[in-house]
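Shown next, in structure tokens, is the structure this report addresses.
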Amino acid sequence: MLDVHETCSFASYFVICSGESERQIGAIHDEIQHTLKKEGILPHHREGTLDSGWLLLDFGDVIIHIFAPTEREYYRLDELWSEAVPIVTIQ
């Protein structure tokens, strides 16, 4: 999780995570949506498909990126937003 509020004009936080398979990526996506929906929080926008290797959920101040390993390595958002402050890192 990155605090991007000082380096980004459209969000405060990025959550960047990976799944090892389409099934795992879908499960991460579905669980995030399910959990937040129970709290009355719905995404403003969604992008991507399971076969694209990148799903995005835009909750306004929080944008969640769910990657397949190949796409995460290719796009390197962690490096692109290196000026952001890391809040949580789990490996």
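Run down Leu55, Leu36 and say which single residue is touching a His at 6+ places or on another chain (Cβ under 7 Å) and either outside any loop (DSSP other than H, G, I, E, B) or of a type in the set (Lys, Arg) (or both).
Working: Leu36 fails: touching a His at 6+ places or on another chain (Cβ under 7 Å).
Exactly one residue qualifies, and that residue is Leu55.
Out of the residues in the range 2-26 meeting the condition of being polar (S, T, N, Q) and surrounded by 12 or more Cβ atoms within 10 Å (Cβ to Cβ), tell me which one is farthest from Pro86 (Cα to Cα).
Per the stated criteria, the residue is Gln24.
Can you tell me how many residues in the range 27-55 are crowded, with 16+ Cβ neighbours inside 10 Å, more than 13 Å from the chain's Cα centre (by Cα) and within 25 Å of Glu79 (Cβ to Cβ)?
Adding up the residues that qualify gives 1.
Could you count how many residues in the range 59-85 are over 22 Å from Leu42 (Cβ atoms), assigned to a loop (DSSP other than H, G, I, E, B) and in contact (Cβ under 8 Å) with a residue 24 or more places away in the chain? Write out each step before concluding.
As a first pass, look at the range 59-85 and keep what is over 22 Å from Leu42 (Cβ atoms): 67-85.
Filter once more, keeping what is assigned to a loop (DSSP other than H, G, I, E, B): 68, 76, 81-84.
Then drop every residue that is not in contact (Cβ under 8 Å) with a residue 24 or more places away in the chain, which leaves 68, 81, 83-84.
Of the residues in that region, 4 qualify.
No value in this document is a laboratory result; all are computed from the given coordinates. Remember, it's a predicted structure, so these values are computed and weren't measured experimentally. Glycine also receives a Cβ, built like all others from the backbone with ideal geometry; neighbour counts cover every protein chain displayed.
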